[in-house]
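My structure is below; once you've seen it, I'll send some questions.
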Amino acid sequence: MQIHTTIESLRAARAAAGKVAFVPTMGNLHEGHITLMRQAGERADAVIASIFVNRLQFGPREDFDKYPRTLAADCERLEAAGVAHLFAPDETVMYPTPQQYHVDPAPAHVSILEGEFRAGHFRGVATVVLKLLNIVQPDIALFGKKDYQQLMVLSNMVREFALPVEVLPGETVRAPDGLALSSRNGYLSAAERAEAPRLYRQLTAIRDAVLAGDRDFLKLETMAVAELAAHGWRPDYVTVRRRADLQPPAHGDAAPLVVLAAAKLGTTRLIDNLEI
Ligand code: PAF
């Protein structure tokens, strides 16, 4: 695997790479990322990954400084997964001057769910992803469903700006006990890690109830929030939404649904979702 730290070097490699599938990441790679790399490899001549911890998408009180940076271990995993090129710029390459132009996603898409609790997060995500797509110019870009709202926002950005790239979703990868893999799981204490799968169990319970015909979403959501709170969590939301735009389903709405949740366990904020 070749490691590129400059835009020029990455672009020269890309030009010779044929059909390219791109997987942007912030590093600290786990099996969820590696599954995306393998999926990418099946769809293209070469896989390009990126590792860049993007300051723009972190709030002032969030974990930018302590976000795990594990480049050496990440490179080993990427190499083993058959990734051809890694773009690993530092901030002086990505933001040589403070970024003054930003992508503002649709307010309806970012004033809800994660956007309600993380002001400016999706603006930072969309801005860096547009920049990364312009640098790499891939044929395909892959994003995990674990960040369901991110996937929705970025798919809409690509469509509305007619960016010449196909967005492919990747399935969430889970630990055997159901916990969705995430770099932030590393912040959990042993006791919190043992408790953490409850979030997925609550999502599963809601999905199963809806599939069995229960359409009283508010009751199901309220029960899940209470159950989490009773076990020491501080839930931000547990909510059934339409998959396409993440708005609440109207009465009698037959649109495909997803149940999404975010909750704090100790100081760690976990998110997860499950399509219904
Ligand atoms: O999902 C992530 O890891 C990040 O939000 C992304 C898409 C790499 C942008 O920084």
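The values are calculated or read from the model by the stated rules, or taken from the named source; none is laboratory data. Treat the numbers as computed from the prediction; the structure is a model and nothing was measured. Neighbour counts are summed over all protein chains in view; Cβ atoms, including those assigned to glycine, are modelled from backbone coordinates with ideal geometry. Just the protein is used for accessible areas: all its heavy atoms, side chains included, with ligands, DNA and RNA removed. Shrake-Rupley method; radii C 1.70, N 1.55, O 1.52, S 1.80 Å.
Go through region 229-270 and give me each residue that's hydroxyl-bearing (S, T, Y) and touching a Pro at 6+ places or on another chain (Cβ under 6 Å).
Across region 229-270, there are no qualifying residues.
I would also like to ask the following. From the list A141, A108, which one is away from the ligand (no atom under 15 Å from the Cβ) and either open to solvent by less than 20 Å² (accessible area, probe 1.4 Å) or aliphatic (A, V, I, L, M) (or both)?
Checking each option against the conditions leaves just A108.
Right, here's the next one. Taking the options A244, A230, A226, A209, name whichever one is more than 25 Å from the chain's Cα centre (by Cα) and open to solvent by 70 Å² or more (accessible area, probe 1.4 Å).
Being more than 25 Å from the chain's Cα centre (by Cα) and open to solvent by 70 Å² or more (accessible area, probe 1.4 Å) holds for just one of A244, A230, A226, A209, which is A230.
On to the next question. Can G170 be described as in contact with a Ser or Thr (Cβ under 8 Å, 6 or more places away or on another chain), within 13 Å of the ligand (Cβ to nearest atom) and either among the β-branched types (V, I, T) or open to solvent by less than 50 Å² (accessible area, probe 1.4 Å) (or both)?
So G170 passes the test.
Please pick out the residue among A180, A196 that is crowded, with 20+ Cβ neighbours inside 10 Å, more than 30 Å from I7 (Cα to Cα) and within 14 Å of the ligand (Cβ to nearest atom).
A180
Could you tell me how many of the residues in region 106-119 are within 15 Å of A244 (Cα to Cα) and within 17 Å of the chain's Cα centre (by Cα)?
4
Which condition breaks for R61 when tested against (1) open to solvent by less than 90 Å² (accessible area, probe 1.4 Å); (2) over 23 Å from K131 (Cα atoms)?
Unmet for R61, out of (1) open to solvent by less than 90 Å² (accessible area, probe 1.4 Å); (2) over 23 Å from K131 (Cα atoms): (1).
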